[in-house]
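Since the structure comes first, as structure tokens, the remarks are kept for the end.
We did not get these values from a lab; they are worked out from the coordinates using the rules stated. Bear in mind the structure is a predicted one, so any value in this text is a computation, not a measurement. Ideal geometry is used to build each Cβ from the backbone, glycine not excepted, and the neighbour counts take in all protein chains shown.
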Amino acid sequence: MAPHLGQGARRTLRSAALRLDEAHASTDLRERFLLPPGVVYLDGNSLGALPVAVPAALERVVHDEWGRGLITSWNAAGWWEAPTRVGDAVGRLIGAAPGQVVVGDTTTVRLYQALRGAASLRPDARVLVTDPGSFPTDLYVAHGVAAEAGWRVELADPDQMPALLDRLSADGDPVAAVAFSHVDYRTGRLWDLAGLVAAAHRAGALAIADLCHSAGAIPVGLDEAGVDLAVGCSYKYLNGGPGSPAYLYVASRHQSVFVNPIPGWQGHARPFDMAGTYEPADGVARARTGTAPMLSLLTLEAALTAFDGVDVVAVRARSSSLTGFLRRCLELLVPGLDVVSPAADDRRGSQVCVRDQHAYGIVQALVARGVVGDFRAPDIVRLGVAAPYLTHADMLTAAEAYADVLAAGEHLDARFARRSTVT
């Protein structure tokens, strides 16, 4: 496509963007975030933007609570309770009643706890079912735990899991757990959480969900769906900052028998007795391990205030409109693109992904134009849409930049050759 073509389509889309932004004005939360000027940020599904509340909160924690309060802040400033207090704040966004979420450690650690804990809850089962398209860490941990627990790993896409589970059940092959991501990290495919949970339970298995690409963007409804265990990071749509701590959800019905495979002192029933033997705390506190990264944890707590007074259902409605419009813009301005994210709103997470052999160069050329997305191997351009701080006008800007990059051949420039670096 020559750069001068498609101007009529662009004018039409510009008018549509204006109308849509007016219609969704009530969920425009850009004033709650600090965003650099001249940038359309479409990588919030890797690292969320900086919430306005964070800098002052972090300064207070560092200068007042740490600097002046010193060790007394563990009690006076409520540091000790923070993993479960912030857990409840996360819980409100993922449909978990209080007392079921604890924050701290990494997603890798939390997933290990969930899977190893499932082994204690289903001691006689010998099969783990998981998605081969999961984020690599999930697969590494799944296979590692399976080796420890003596499980056999069965791989199936989430849409194939119900049939596989029914077959395993009919064969008398006991399944310990079914582990899957709520949203496919590459394509943005949104899986049927409630349906997968129901299929797992029919087979007598536990359902373990990875919420990294849905929490804060999609109404998850853990309690309503009957999920048993769930994990997720907090630096994507929850905007907790680089390396912010992960969370673990343990449904209240399992907590009295859930065995924490990493029994750190902060998960002890009486941690300050310094006893030589471990006795688990009541409730989800037993899933605590060692000392949480307090600066990151309290930064996350401040970041979550960006959702104060906001219904995740409304965030999802805005997200669906934005991603749908972005897809429409791309298809009109760049005919023939291989858009791999589902067209249907109820099957699409909060991202739009395109498959192209030149994906890496396209992403780098877009970044050079101020449109920041990301690349996923081997050939995916991933455009993440964090609805609270993006507009329909931003979606059109991104699509126009995409069209102009291809028209000018900028993605083929030697400057944008793929390298083994963070993108």
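Checked against (1) touching a helix residue (DSSP H, G or I) at 6+ places or on another chain (Cβ under 6 Å); (2) among the small types (Gly, Ala, Ser); (3) in contact (Cβ under 8 Å) with a residue 24 or more places away in the chain, Gly87 passes all but a single condition, namely (1). Would you pick out the residues in the range 122-141 that are crowded, with 18+ Cβ neighbours inside 10 Å and over 18 Å from the mean Cα position of the chain (by Cα)? Residues satisfying the conditions are Arg122, Ala125, Val127, Leu128, Val129.
Could you check the range 184-202 and list, in sequence order, the residues that are among the small types (Gly, Ala, Ser), closer than 27 Å to Ser120 by Cα and either free of Cβ contacts under 8 Å to residues at least 24 places away in the same chain or buried (at least 24 other Cβ atoms within 10 Å of the Cβ) (or both)? Give the derivation first.
Step one: of the range 184-202, the residues among the small types (Gly, Ala, Ser) are 188, 194-195, 198-200.
From what's left, closer than 27 Å to Ser120 by Cα: 194-195, 198-200.
Hit for the range 184-202 is Ala200, nothing else.
Residues that are outside any helix (DSSP H, G or I), over 20 Å from Ala287 (Cβ atoms), among the small types (Gly, Ala, Ser) and without any contact (Cβ under 8 Å) to a residue 40 or more places away in the chain do not occur anywhere in the range 121-135.
In the range 213-222, which residues are in contact with a Lys or Arg (Cβ under 6 Å, 6 or more places away or on another chain) and surrounded by 24 or more Cβ atoms within 10 Å (Cβ to Cβ)? Of everything in the range 213-222, just one residue is in contact with a Lys or Arg (Cβ under 6 Å, 6 or more places away or on another chain) and surrounded by 24 or more Cβ atoms within 10 Å (Cβ to Cβ), namely Ile218.
Within the range 54-90, track down each residue that is of a type in the set (Asp, Glu), assigned to a helix (DSSP H, G or I) and either within 28 Å of the chain's Cα centre (by Cα) or within 23 Å of Arg110 (Cβ to Cβ) (or both).
As a first pass, look at the range 54-90 and keep what is of a type in the set (Asp, Glu): 59, 64-65, 81, 88.
Still in the running and assigned to a helix (DSSP H, G or I): 59, 64-65, 88.
Glu59, Asp88, listed by residue number.
Go over the candidates Thr323, Thr305 one by one and state the one that is buried (at least 21 other Cβ atoms within 10 Å of the Cβ), under 18 Å from the mean Cα position of the chain (by Cα) and not aliphatic (A, V, I, L, M). Before you say what the answer is, go through the steps one by one.
On the way: Thr305 fails: buried (at least 21 other Cβ atoms within 10 Å of the Cβ).
Of Thr323, Thr305, the one residue that is buried (at least 21 other Cβ atoms within 10 Å of the Cβ), under 18 Å from the mean Cα position of the chain (by Cα) and not aliphatic (A, V, I, L, M) is Thr323.
Applying the criterion of being aliphatic (A, V, I, L, M) and over 18 Å from Pro83 (Cβ atoms) to the residues of the range 223-250, the residue that is surrounded by the most Cβ atoms within 10 Å (Cβ to Cβ) is Val227.
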